[in-house]
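Please treat every number below as a calculation from the coordinates, not as lab data. This one's a predicted model, so the numbers in the text were calculated from it and none came from an experiment. Methodologically, a virtual Cβ is constructed for each residue, glycine included, from the backbone with ideal geometry; neighbour enumeration extends over all protein chains shown.
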Amino acid sequence: MLAIAILAAGKGTRMNSNLPKVLHPLAGKTLIERVLSCTKRLKPNRQLIIVGHKALEIKHFLKNSPKLEFVHQEPQNGTGHAIQQLLPKLKDFKGELLVLNGDVPLLTETTLKKLIDFHRKSESSVTFLSATLRNADGYGRVFTDKNGHVTNIIEDCECNEIQRKNKLTNAGIYCYNWQNLRDVLELLSNNNSQNEIYLTDTISILPKALHYEVDDPQEVSGINNRYQLSECEAYIQKQLKSYWMNKGVSFTDPASCTLSEGSSFGIDVIIEPQTHIQGNCIIGNRCHLGPGSVITNSTLGDGILAIHSYINGAKIGDETSIGPFAHIRPESTIFKGSKIGNFVEIKKSSIGKNTKINHLSYVGDSTLGNNVNIGAGTITANFDGKNKHKTIIGDNSKTGANSVLVAPITIGSHVTVGAGSTISKDIPDKTLVVERSKAILRNKRIIK
Ligand code: UD1
Ligand code: CA
């Protein structure tokens, strides 16, 4: 039997944040989601998460995670105190308890499996992951005897200068034999510089403690402050980009771009500098994105060009061209072959095939047909101060420069709206409509 306990009750003081530490994101996925997605694959019999500081926020965030048991720790008196809270919950449990700090987001399932296997074969009371770090600041140091058994772990802040030179560190991931741990949990004290009950003190009390050193120390980096958060982000970004480069994506300046874990790409995609792909995006083949584009939760077909543009929550059809400087907002669909040009904003609208909105327009709550041509400066006036209204434009219609279409309004197909018109009633098919006051000429001068 395997139970997993994730420690997420701490204050995360060193983050200086109102957001609980485990809810900080890395490549668009929170620390806790990363830890959970790796433990889920171990198929534990029980999965417990210890919450305390900002417990409600964490519980709310994880409300859809199945089979997660929340355990409250109040007050937060240290990692050992956190595990003491499991005693009533796991009273009758028999088997291994895998304990993970909630702030170790780069951990892999493979490493956890190796730890559990090693532990089961060794018949020790506890085996934990260790790493040799060049910069071991903030980590507990691991001390062993001549047989390689761990004698104790000393926290960084309790180490003397000689002890601090030991770079073998505790990663904060432990596989315990639960019955052995249960018997010693109550023996822990808070007799240390932080007045906290340390889980690491169990190591010197338990009869046989072993450590299992990870191959890649990066994998067990703990996040205690924003510098470490940024280092982990850089590590994940590097991995993501090299993964997609191998799959056929080119970056002209990879260091200036970021990707999210939830995004996927076709082949022959070119990503120019300062371009960011966020949330869950599906990007087709031959797209040319950036420079300077931000694409969030959107689906792009093949052969799309998107320069200096924001695309959020949209669906973009094949061979369309977006930007420079376009803003496509949520619930918009742009069909194949369309062109959304400079300084155009599209919101909650459907834009038909081969339609062109080339310059300086706002199109909101609208449905445009195929082959529509929207002249420079055309605005759909969709808001009456209280409600939003719809604009419908049929196939093959054109609006002249600076037209204002006052919604709700339906413009038929093959309609031409003259430049500068403000149209506030429906226009039937095949109509030319012009609304314009006459210029008055006197002595060849315009009188104001
Ligand atoms: C801990 C280890 C240290 C190890 C390091 C690895 C202890 C005493 N020290 O130190 O040896 O090198 O992790 O990253 O365990 N938490 C609670 N309740 C509490 C306190 C903390 O649930 O009362 C949770 C935190 O939310 C966090 C985890 O435990 O997810 C670790 O706490 P943190 O304060 O970051 O421990 P470290 O000082 O990093
Ligand atoms: Ca930590």
Restricting to lysines and to Cα separations under 30 Å from Lys54, and discarding same-chain partners fewer than 8 apart, the set is Lys11, Lys21, Lys29, Lys40, Lys43, Lys63, Lys67, Lys89, Lys91
Along the stretch 6-14, Karplus-curve 3J(HN,Hα) (6.51, -1.76, 1.60; θ = phi - 60°) to the nearest Hz, with x for Gly and Pro, reads 10, 8, 9, 9, x, 7, x, 3, 6
Scoring only Lys, Arg, Asp and Glu (+1, +1, -1, -1) among other residues with Cβ under 15 Å from the Cβ of Ser256 yields -1
Within the under-14-Å Cβ sphere about Ile236, not counting Ile236, Lys/Arg +1 and Asp/Glu -1 give a net charge of -2
Under the helix-only model (-39500 (n - 2.57) for each DSSP H run of 4 or more, divided by the residues of the chain), the mean residue ellipticity at 222 nm, to 500 deg cm²/dmol, is -4500 deg cm²/dmol
Here the net charge surrounding Thr422, from other residues whose Cβ is less than 10 Å away from its Cβ (Lys, Arg +1; Asp, Glu -1), is 0
For the table Lys247/Lys348; Lys347/Lys425; Lys347/Lys386; Lys121/Lys165, the rows whose alpha-carbon distance is greater than 26 Å are Lys247/Lys348; Lys121/Lys165
Here, trypsin sites (Lys or Arg not before Pro) of the stretch 193-291 satisfying both criteria (DSSP loop; at most 13 other Cβ within 10 Å) are Lys247
Once amide hydrogens are built 1.01 Å from N within the peptide plane, the residues lying 5 or more places from His211 or on another chain with amide H under 5 Å from its amide H are Phe128, Val150
For Gly377, the residues 5 or more places away or on another chain with a placed amide H closer than 5 Å to its own amide H are His359, Leu360, Ser361, Asn402
Taking every DSSP bridge whose two residues both lie in the stretch 117-251, the antiparallel percent to the nearest 5 is 70
per DSSP, antiparallel bridges as share of beta bridges in the chain, % nearest 5, sits at 20
Expected vector for the stretch 153-168, Karplus 3J(HN,Hα) from phi with 6.51, -1.76, 1.60 and θ = phi - 60°, integer Hz, x for Gly and Pro, equals 10, 10, 4, 3, 6, 9, 6, 8, 4, 5, 4, 5, 6, 6, 9, 7
Rh (Kirkwood, all Cα-Cα pairs) for the stretch 316-448, Å, reads 14.9
Using the Kirkwood radius over Cα pairs of the chain, the Stokes-Einstein translational diffusion coefficient at 37 °C and 0.692 mPa s, in µm²/s and rounded to a whole number, is 127
Quick calc, the chain, dipole around Cα centre from Cβ unit charges on Lys, Arg (+) and Asp, Glu (-), nearest 20 debye, gives 1960
